[in-house]
Every structure is written in structure tokens, then in C-alpha cells.
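Below you'll find the structure, written out as C-alpha cells, and then a few comments.
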Amino acid sequence: MERTLALIKPDGVRRGLVGEVIGRLEKSGLSIVALKMMRLDAGQAEAHYRVHRGKPFYPMLLEHITSGPVVAAVCEGPAAVERLRELVGATDPALARPGTIRGDLGLDITQNVIHASDSPETAVSEIRLFFPEIGGARLVEAGAEP
Ligand code: CMP
């Protein structure tokens, strides 16, 4: 089983798309094994987007991701990283296929509703960043008794 991080961005939360997006993830067969709403501070935003530091869109990225609450979810399933990226679609909603989350719901390349980890290695570090309180081994399996 693989795990990945989905992050519903402030535009998605503001537009009332949390239920729609989580519903699409669940219906795809991915299990949500951890979920939280939080507001990122500048340090967390910089840590999350550190690979983009120095790019022209970096300041806008930080401004947007800290502009309101986000909803972070750990998704689990076979090939979860690839599966989630397929559901999410291309970065720019204008280029994302219909049927994908960004293709159907995204407004523009900044307000593109959702972030998804781009590799299994990135998923591990992003899950650690957003869910420091749950070590992989201690994460309760979906459906397990508490
Ligand atoms: P996300 O999956 O959160 O990862 C990095 C984000 O940077 C991406 O979604 C987009 O919102 C944003 N992004 C990527 N490329 C560009 C670009 N060329 N111009 C503006 N924003 C971008």
C-alpha cells in the first residue's frame, strides 16, 4: 500500500469544494486515512514549496497557500501517488482534461483547487510536514478500531 498527500488549497475551501473533492478521492477507491483543516504560516508554506523557491510564480504561490485554510488528507491505496495525480489532472486547469479535479473545477494555475505529491519520496516528506503527529507505523488503518 502506498500513501500520498492531497492538499485542498484555499480557493477550493473558499468555494465550498471540500466535500466534492474528498468525495471524488473516496469514490476513486483511495482511502482517506488522515484528514485535517489548517492554516499554513509562512514557514510551513515555504517548507512545502521549497523546490519552487526562486521561480517567478513563487511569491504568488506562497501568498495563495497562506490566504486561508487548507484541507490536508493522507490518501492510501495501490499506486496512490500516480492514482491521485491522475484524478487531479494537469497543473493548469486550462490544459487539464475534463473529468479531472482541476479540469472540472480549477480557475487558473494558482487557484487550481488541489495539490498532490509528485512522487512516493515527496509524499513521505509532505505527509511528515502536514501530519508530524502521526508516524507511519502509528497511523490508524482506515476502518480499524481505535
Ligand atoms: P501545485 O501542485 O500546488 O504545485 C506547485 C504550484 O505552483 C502548482 O500547483 C501551481 O499552482 C503553481 N504553478 C506551477 N507552475 C506555475 C506557473 N508557470 N505559473 C504560476 N503558477 C504555477
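The values are calculated or read from the model by the stated rules, or taken from the named source; none is laboratory data. Keep in mind it's a predicted model, so treat the numbers as computed, not measured. Every residue, glycine among them, receives a Cβ derived from its backbone with ideal geometry; neighbour counts consider all protein chains shown. When the accessible area is computed, the model is the full protein with side chains, heavy atoms only, and any ligands, DNA or RNA have been set aside. Shrake-Rupley method; radii C 1.70, N 1.55, O 1.52, S 1.80 Å.
Here's the list of lysines a cross-link from LYS36 could span, going by alpha-carbon distance under 16 Å and ignoring same-chain residues fewer than 8 apart: LYS9.
For the chain, what is the calculated [θ] at 222 nm in deg cm²/dmol (nearest 500), taking -39500 (n - 2.57) for each run of four or more DSSP H residues and dividing by its residue count?
Values: 7 runs with 55 residues, N = 146.
It lands at -10000 deg cm²/dmol.
Maximal additional length on extending the THR66-MET1 stretch stands at 20.3 nm, based on 0.36 nm per residue less the C-alpha distance.
Treating only the Cβ of Lys, Arg, Asp and Glu as charged (+1, +1, -1, -1), what charge dipole size does the range 2-131 show about its Cα centre? Round to the nearest 20 debye.
Working: 16 positive and 16 negative charges, 31 e Å.
Result for the range 2-131 is approximately 140 debye, rounded to the nearest 20.
Among the protein heavy atoms, those of ARG15 account for about 100 Å² of accessible surface (1.4 Å probe, every chain in place). Toward the positive end of the charge dipole of the chain, with +1 on the Cβ of Lys and Arg and -1 on the Cβ of Asp and Glu, the farthest Cα among LEU107, PRO132, ALA96 is that of LEU107.
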